[in-house]
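Notes follow the structure.
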Amino acid sequence: MKIKINIDCTPQEARAFMGLPEVAPLQDAMMKELEERLQDGLKSMDPEALMKAWMPGGLAGGFQGWEEFQRQFWSQMGSAARGKSSGGKSSGDKE
């Protein structure tokens with residue numbers, strides 16, 4: 001035997017019927033707080049401040065540091081490529 005009951009009501013009516021609390025004011029307050037925090041975070045993302053954080057030596061020192069990073073990167077990539085193309089055994093090869 002099957003019994004099927006359809007109840008047509010809104011979510012607010014269902015919460016009230018089951019005795020659940022109204023969460024809309026809490027949700028609105030939390031969303032307002034989240035929006036304020038996000039906007040404060042965006043204000044601190046000044047491009048100049050970000051550049052100083054990423055490149056501590058300022059623009060001149062920072063770009064020199066970036067160039068050094070690129071030099072080191074390509075040096076490592078070149079030595080890795082030479083090691084594989086030389087036909088010799090690398091440290092990971094089994095004998």
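The values are calculated or read from the model by the stated rules, or taken from the named source; none is laboratory data. If you're wondering where the values come from, they're calculated on a predicted model, not measured in any experiment. Here the Cβ is made from the backbone with ideal geometry for all residues, glycine too, and neighbour counts use every protein chain on show.
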Scanning segment 1-21 residue by residue, those assigned to a helix (DSSP H, G or I) and surrounded by fewer than 10 Cβ atoms within 10 Å (Cβ to Cβ) turn out to be 11, 18
Boolean, residue 39 is at pLDDT 75 or above, of a type in the set (S, T, N, Q) and more than 30 Å from residue 10 (Cβ to Cβ): yes
